[in-house]
1. Within the range 59-75, how many residues are surrounded by 10 or more Cβ atoms within 10 Å (Cβ to Cβ) and in a helix (DSSP H, G or I)?
2. So residue 2 clears everything in (1) at pLDDT 75 or above; (2) within 22 Å of the chain's Cα centre (by Cα) except one condition, right? Which one?
């Protein structure tokens, strides 16, 4: 996490400085919110990240199986075995 100082260079050699600004902005937006209340915001964001990842996993599974199911290459019982439902 960024401290009060800006980072001069990344491993690639390019100049960075947005981390300190981003951190300061987050502190201003948080304001005087108690840590006990702030955890609900953070836990909500973690939950949304989890749901987003699961959605992408399911979409990839759908995109892999649907063409095979529609073409008749794979039947429903075989698809269940492929995804571990049986």
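1. Residues that pass the stated criteria total 10.
2. (1)
The values are calculated or read from the model by the stated rules, or taken from the named source; none is laboratory data. Bear in mind the structure is a predicted one, so any value in this text is a computation, not a measurement. FYI the Cβ positions are ideal-geometry reconstructions off the backbone, even for glycines, and counts take in every protein chain you see.
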